[in-house]
Amino acid sequence: MQYAHITGWGKCVPPAKLTNDDLATFMETSDEWIKTRTGISERHISHVNTSELATVAAQNALLAAGIDGSELDLIILATASPDTLIPNIASTVQANVGATCGAFDINAACSGFLYALGMGSSMIKSGQNKKILVIGAERLSFYLDWSRRETAVLFGDGAGAVVIEASNEPGGVLGYELNNDPAARDILSSGFGTQMDRFDSSSLDFFINLNGQEVFKRAIHGMGGLSTKVLENCNMSKEDVDLVIPHQANERIIDTLISRMKIPKEKAFVNIANYGNTSAATIPIAICDALEQGRMTSGQTILSCAFGAGLTSAALLLKWGERTTPINAPTAELPPCEVSALELIKPAVDFFTNRK
């Protein structure tokens with residue numbers, strides 16, 4: 001039997017940081033107001049397209065795995081904010097890393113990376129593929145109405161990627177569970193898509209909408225339920241979990257989830273303060289940070305869970321392998337950004353604040 005192990009990991013975070021104090025310069029908010037409600041201190045704003053973020057993360061993951069892009073059998077890119085819908089941006093990354101294989105995007109919103117990782121692990125376990133690149137990349141700043149405090153303070157840009165490889169060694173992805181709650185699909189949404197009237201300029205006035213209370217409630221239910229299910233299906237208990245890497249949407253959601261699952265808070269990895277919610281990129285970025293900080297060690301059992309628009313939810317159980325350091329250090333990086341985050345978002349801020 002083949003097992004799917006993570007052998008490489010990489011991230012890409014744009015250099016321009018937008019702090020809570022920056023947001024307070026054009027909306028009624030404060031650092032204290034945002035931190036106490038979300039746990040977020042700053043987020044990153046991209047000066048490049050989503051595919052460039054994804055490419056850098058992918059290149060660093062390949063370096064960490066010690067393999068070349070030409071060795072890949074498949075690329076799965078999770079995003080809700082691609083540069084283009086036609087063609088997919090997995091093909092852009094494929095060209096950039098020199099791969100000759102299948103490549104496609106999936107959109108499961110914030111659960112997208114776990115959807116992709118679960119799918120990729122199944123492809124390996126079936127014997128179909130040997131080496132797969134899984135990416136989560138987002139440029140959610142594109143969707144934001146900067147006059148709406150309830151969403152503008154939450155989201156950021158970034159990308160993360162992992163390489164999964166076939167191995168005879170037991171471990172790797174032990175199991176995963178996916179679900180969707182279509183009855184609640186409208187409580188977290190954006191009007192962007194072919195439903196837009198392309199001949200009406202007002203159709204360009206699209207942005208992320210969310211019902212915060214409903215999202216909070218359903219996120220706890222979705223992630224908690226699937227986490228319990230994946231543990232049961234793998235014949236494991238919450239006591240067997242060494243580290244929890246949840247989707248980084250709101251620190252209050254993470255605290256509530258961990259508390260209800262009766263898992264010690266110190267087992268949860270939280271890095272939302274530095275990035276905000278980067279949707280499909282939050283979990284692979286968190287994996288990179290946890291490894292850098294020594295929070296992930298050989299042989300650990302790791303539980304990861306997520307929820308997102310749809311409303312999608314996912315949970316995945318992983319047994320980490322021996323290696324916790326990259327074979328080759330990350331060297332891929334974005335081109336320099338010559339302006340501040342405030343300058344990057346100024347056209348959008350002016351558009352949304354002046355239309356009122």
task: Return the FRET efficiency for the residue pair THR256, PHE104: r is the Cβ-Cβ distance, R0 is 45 Å, and the value is rounded to the nearest 0.05.
output: 0.85
task: Rounded to the nearest 10 degrees, what's the angle between the helix 112-125 long axis and the longest principal axis of the chain, both from Cα atoms, 0 to 90?
output: 20
task: Could you work out how far apart the two model spin labels at ASP200 and LYS238 are, taking each label as a point 7 Å from the Cα in the direction of the beta carbon, and quote it in nm?
output: 4.8
Sparse-neighbour loop sites [chymotrypsin sites (Phe, Trp or Tyr not before Pro); the range 166-257; at most 13 other C-beta within 10 Å; DSSP]: PHE199
query: How large is the charge dipole for the range 118-234, taken about the Cα centre, if only the Cβ atoms of Lys, Arg (+1) and Asp, Glu (-1) carry charge, to the nearest 20 debye?
result: 280
message: Restricting to DSSP loop positions (anything but H, G, I, E, B) with no more than 14 other Cβ atoms inside 10 Å of their own Cβ, which GluC sites (Glu not before Pro) remain in the range 263-356?
response: GLU322, GLU333, GLU338
- prompt: Between ARG323 and THR297, what length in nm is gained on full extension when 0.36 nm per residue of separation is reduced by their alpha carbon distance?
  reply: 8.5 nm
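Quote to one decimal, in nm, the extra length available between MET1 and GLN128 on full extension: 0.36 nm per residue of separation minus the C-alpha distance between them.
Working it through step by step, the gained length comes to 44.5 nm.
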task: Would you check the accessible area of LYS229, probe 1.4 Å, heavy atoms only, in square angstrom rounded to 10?
output: 100
- prompt: Taking the mean number of other Cβ atoms within 10 Å as a proxy for protection, how do you rank 136-143, 1-8 from highest to lowest?
  reply: 136-143, 1-8
query: With axes computed from alpha carbons, what is the tilt in degrees of helix 341-354 against the longest principal axis of the chain, rounded to the nearest 10 within 0 to 90?
result: 50
task: For helix 251-260, report the angle its Cα long axis makes with the longest principal axis of the Cα atoms of the chain; keep it between 0 and 90° and round to the nearest 10°.
output: 40
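The values are calculated or read from the model by the stated rules, or taken from the named source; none is laboratory data. Given the structure is predicted, the values throughout are model-derived calculations rather than measurements. Backbone-built Cβ (ideal geometry, glycine too); neighbour counts: all protein chains shown. The accessibility values were calculated without ligands, DNA or RNA, using every heavy atom of the protein model including side chains. Shrake-Rupley method; radii C 1.70, N 1.55, O 1.52, S 1.80 Å.
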